[in-house]
Amino acid sequence: MSRSALLLGAATLSLALVMGAGSASAQSKFDITLGGDAYFEGGYVNQDRDSGLRNTEFRNRLRLLVTPKAKADNGLEYGARIRLLAENGTGNVRTVTNDRAFMFVNGSFGTVHLGVENGPSDDSGVIAPSDWGTGGVDGSFPSWLGNSAANAPVTIGNIRALISGNSATRATYWTPEFAGFKFGASYQPSSDSSNTDINRSKLALASANRTGAYRDVYEVGGTYTNTLGGVAVNGSLFYLGGQAKNSTTTPAASFDDLSSTHAGLTLAYAGFKIGGSYAWSGDSGYAKSSATIVSREKQDVWTAGAQYTFGATTLGVGYLNAKDAGDLTVRGRSKFELFTVGAKYVVAPGFSVAPEYNHFKLSSDVAANSDKGDIFIIRTDLAF
C-alpha cells in the first residue's frame, strides 16, 4: 500500500473518531472570538555589504484572528479559524492575506485540524528561550540582513523541522495530553498549494539548484511538559519527510527528498529559563550530484540561550549557528552565526516594548558574499 493511501486512511480514521464521538446537537450556537496582534519595529543596521543601502528603516505588521466556535451537548467542540495579515508593502503595494484558515474539532479523542496552517514542529517545537526583543534566535533579524539575506543558509529561517513553518493545506491530528506527553501528525499533499487551489503536479519551478516544492509531506512527533522538583521541563522531538518535486525544465532536474529532524529542550526555575534546540535536514532539496553540482554540505541549525523574568521585565541572550551548502556549484559551505541580546518590558496587559541587539557573521563559500554586521531593533508589541 502506498504512503499516500496510508495517510489518507489515517485522516479518514481521525474523522471517523470525530463522527463516533456521540450525537451532537444540530442547533449549536456559534460564538465568534476576535483577537490578534500587531508590532512596530525601528531598526539600525551597520554591515560590511551595505552598497546602496540606508542604515535605518521602519516596518510593521497587524494580524487579525477570527474564530467561530460551538460546543455540542455531548461536549464536542468544533469551529474554524482564520488569521488575516496586513503585511508586505514592497514598492508600497500593500496586501492582506492569510496564513491560517482551517476547521477544527476537539473532543476526548484529541484535536483534528483541516486546512491551511503551519506544521506540528513549527507550532510546538521547543527552541532556545526567546520571549524578549523581537524573538531572539527566532526573531526579525533575517528581514534586516539586506544584501546578505539571499546568501545566508536557508536554515536561519527554518530553525525547527525544515519547511514545517510552510503554511499550506494539510490535515493535522493531536492526541490528548497524558502524563505530560502529547503527540501529533500531519499530512500535506503539496507544499506549494493552499486554500481553494488544487495542485496535483509532481513538478515545481526550481531555484538555485534546489527544489521549488515538495509533495506528500508528512510530519510526526510530540512534546513533553512537566514540573519536576520545582523545575518546569519542556521538550519536543519531530520528524518531517516528503518527496522533492522535479523541476519544470526540459529535461527535468531531480532533487533529494525531504528528511528533517528537530529536537529541543528548556528548563525553567524561579524566573530563569535555559535551553536550546537542534535541527538536521541533511541534503533535503538539493539537486542530485552531477558534473556541476559539487557541494553537498549538510543543512543544520542549532540554538542556545537563556532568559530571566522579574516583574514586568524579561532579559535574554541567545546564539544561533546555521549551515548549508551555499552555492552548490562551488566547493565549501555557507555558515551563519548570530549573537543576540535583548529585553522586554510589559507596559500594560497586552502592550510591551522590546529592544534587541544582534551581531551576525556570514561565512560564504563564495568569498564576495561573506558579511558581518550589527542590527539594533526596538519593537513595540500589541496583543489582543
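For the reader, a short list of remarks on this structure follows.
- Between Gly180, Gly184, the distinction of being at pLDDT 95 or above, more than 15 Å from the chain's Cα centre (by Cα) and either surrounded by fewer than 21 Cβ atoms within 10 Å (Cβ to Cβ) or of a type in the set (Lys, Arg) (or both) belongs to Gly180 only.
- Filtering segment 204-218 to residues that are farther than 13 Å from Asp257 by Cβ, part of a loop (DSSP other than H, G, I, E, B) and open to solvent by less than 50 Å² (accessible area, probe 1.4 Å) leaves Ala206, Gly212.
- Candidates Lys361, Lys335, filtered to the one that is within 25 Å of Ala161 (Cα to Cα), open to solvent by 70 Å² or more (accessible area, probe 1.4 Å) and in a strand (DSSP E or B): Lys361
- Unmet requirement for Ser148, which otherwise passes all of (1) surrounded by fewer than 16 Cβ atoms within 10 Å (Cβ to Cβ); (2) closer than 24 Å to Gly285 by Cβ: (1)
- Residue match in segment 217-231 (condition: acidic (Asp, Glu) and touching a residue at least 60 places away in the same chain (Cβ under 8 Å)): yes
- Near pairs, Cβ below 9 angstrom, 6+ apart or cross-chain, from segment 40-67 (assigned to a strand (DSSP E or B) and of a type in the set (Asp, Glu)) to any residue that is modelled with pLDDT of 95 or more and open to solvent by 60 Å² or more (accessible area, probe 1.4 Å): Glu41/Glu57; Glu41/Phe58; Glu41/Arg59; Glu41/Asn60; Glu41/Ser143; Glu41/Ile378; Glu57/Tyr44
- Restricting segment 303-314 to residues that are in contact (Cβ under 8 Å) with a residue 24 or more places away in the chain and over 21 Å from Pro142 (Cα atoms), the residue that is surrounded by the most Cβ atoms within 10 Å (Cβ to Cβ) is Gln307.
- Close pairs from segment 172-190: first part of a loop (DSSP other than H, G, I, E, B), partner of a type in the set (S, T, N, Q) and open to solvent by 50 Å² or more (accessible area, probe 1.4 Å), Cβ under 6 Å, at least 6 apart: Gly180/Thr225; Gly180/Asn226
- The numbered conditions (1) open to solvent by 50 Å² or more (accessible area, probe 1.4 Å); (2) assigned to a strand (DSSP E or B) are all true for Ala252 except (2).
- Filter result for Leu162 (surrounded by 21 or more Cβ atoms within 10 Å (Cβ to Cβ), in a loop (DSSP other than H, G, I, E, B) and either at pLDDT 95 or above or under 19 Å from the mean Cα position of the chain (by Cα) (or both)): yes
The values are calculated or read from the model by the stated rules, or taken from the named source; none is laboratory data. In this text the structure is predicted, and so the values were computed from the model without any measurement. No Cβ is skipped: glycine too gets one built from the backbone with ideal geometry, and neighbour counts run over all protein chains shown. Just so you know, the surface numbers come from the protein's heavy atoms only, side chains and all, with ligands and any DNA or RNA stripped out. Shrake-Rupley method; radii C 1.70, N 1.55, O 1.52, S 1.80 Å.
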